[in-house]
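Nothing in this text is a laboratory measurement; each read-out follows from the coordinates by a stated rule. Note that the structure is a prediction, hence the values are computed from the model and not measured. All Cβ positions, glycine included, derive from the backbone under ideal geometry; neighbour counts span all protein chains shown.
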């Protein structure tokens, strides 16, 4: 199998500008969201963004892009072992 087939379609990275706009690349799936927390699956695991007045300005899963506006207070990744269980638990609440 050629090496190109094994590489991801996009890189995972995020850019935070003045704690008010977060641009995330490499988003695979959106788990849950409200004005205080957004949970998403990325190429590198489950990413949780916490803050106030969070709003999804743009979402394109085909390109793997997500843009969030609002006041970002925390950005954290979950363990790979817990990520699937954690995301499933959040979706079933």
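Here are the numbers:
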quantity: Tail weight of P(r) past 19 Å, computed on alpha-carbon pairs of segment 15-69, percent; calculated: 15 percent
quantity: Sequence of 52, 62 once ranked by neighbouring C-beta atoms within 10 Å, starting from the fewest; calculated: 62, 52
quantity: Ascending count of other beta-carbon atoms within 10 Å, so fewest first, for 38, 46; calculated: 46, 38
